[in-house]
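Participant: First, the structure itself, so that you have it in front of you.
The values are calculated or read from the model by the stated rules, or taken from the named source; none is laboratory data. Note that this is a predicted model, so its numbers are computed, not measured. Quick reminder, even Gly has a Cβ in these numbers, built from the backbone with ideal geometry, and neighbours come from all protein chains shown. When the accessible area is computed, the model is the full protein with side chains, heavy atoms only, and any ligands, DNA or RNA have been set aside. Shrake-Rupley method; radii C 1.70, N 1.55, O 1.52, S 1.80 Å.
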Amino acid sequence: MSAEQNKSIVRRLVRDLFNRTNVQAADEILAPGYVEHDPILGQWAGSQGIQQLCRSLRAAFLDGHVTINDQVAEGDRVVTRWAFRGTQFGVFAGIPARGGAVWLTAISIHRVAEGRIQEGWTGFERVKWGGSEGSAASVLSKAQGTHEQRINDLFGSLTAAIDERRLTEP
């Protein structure tokens with residue numbers, strides 16, 4: 001396939017899966033053995049893994065949108081510089097919803113063969129999340145908090161739900 005055809009396949013990944021959450025398109029875009037190597041969120045395997053990621057993103061960021069800023073291709077590799085913007089309405093990657101704006105930039109490299117994406121690597125550049133801005137690792141570790149903080153947040157949410165139920169039930 002040509003470099004332009006490979007770029008088009010990666011653009012379709014962004015458009016259909018990440019922006020439209022059309023997870024049915026995953027099997028057409030991704031090879032059966034697809035692997036996404038993500039240093040922050042971990043490794044996602046197969047189209048099922050990416051479908052789960054897209055659903056989780058949409059559930060947490062109802063207005064989330066990926067914009068492709070630059071894209072170049074050579075041989076079977078496509079390099080895409082992109083940005084994500086959204087408002088966090090739900091839990092994502094262990095980070096509780098705060099209703100705040102999230103913005104990040106990243107560069108992804110995808111290997112395309114036989115008309116499908118075989119694997120991808122993503123490196124995050126800058127992240128702005130919950131009032132913090134900086135490298136992805138530092139911002140996300142602050143946003144996620146300690147394990148103890150997450151347990152306390154969960155316990156607080158459960159206690160509030162139980163209290164609310166007591167008030168509404170006879």
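Participant: Subtracting the Cα-Cα distance from 0.36 nm times the residue separation, let me have the gained length for Asp76 to Met1 in nm, one decimal.
Facilitator: Result: 26.2 nm gained on full extension.
Participant: Taking loop as defined by DSSP and a crowding limit of 10 other beta carbons within 10 Å, which trypsin sites (Lys or Arg not before Pro) in the range 6-77 fit?
Facilitator: Sparse-neighbourhood loop trypsin sites (Lys or Arg not before Pro): none present.
Participant: Taking R0 as 22 Å, what's the FRET efficiency between Ser8 and Ile107 from their Cβ-Cβ distance, rounded to 0.05?
Facilitator: 0.75
Participant: Right, next: For the pair Asp63/Ala83, report the inter-label distance in nm, with labels modelled 7 Å from Cα in the Cβ direction.
Facilitator: Taking the simple label geometry, Asp63 and Ala83 are separated by 1.6 nm.
Participant: Provide the FRET efficiency to the nearest 0.05 for the Arg98-Glu28 pair, computing r from the beta carbons and using R0 = 41 Å. Present the calculation step by step, with values, prior to reporting the outcome.
Facilitator: Working: r = 36 Å, r/R0 = 0.87.
It comes out at approximately 0.70.
Participant: Which net charge results for the neighbourhood of Gln118, defined as the other residues with beta-carbon distances under 11 angstrom from its beta-carbon, given Lys and Arg at +1 and Asp and Glu at -1?
Facilitator: Net local charge, Gln118 excluded: -1.
Participant: Which value, in Å², gives the accessible area per residue of the range 1-98 when a 1.4 Å probe is used on the protein heavy atoms?
Facilitator: 51 Å²
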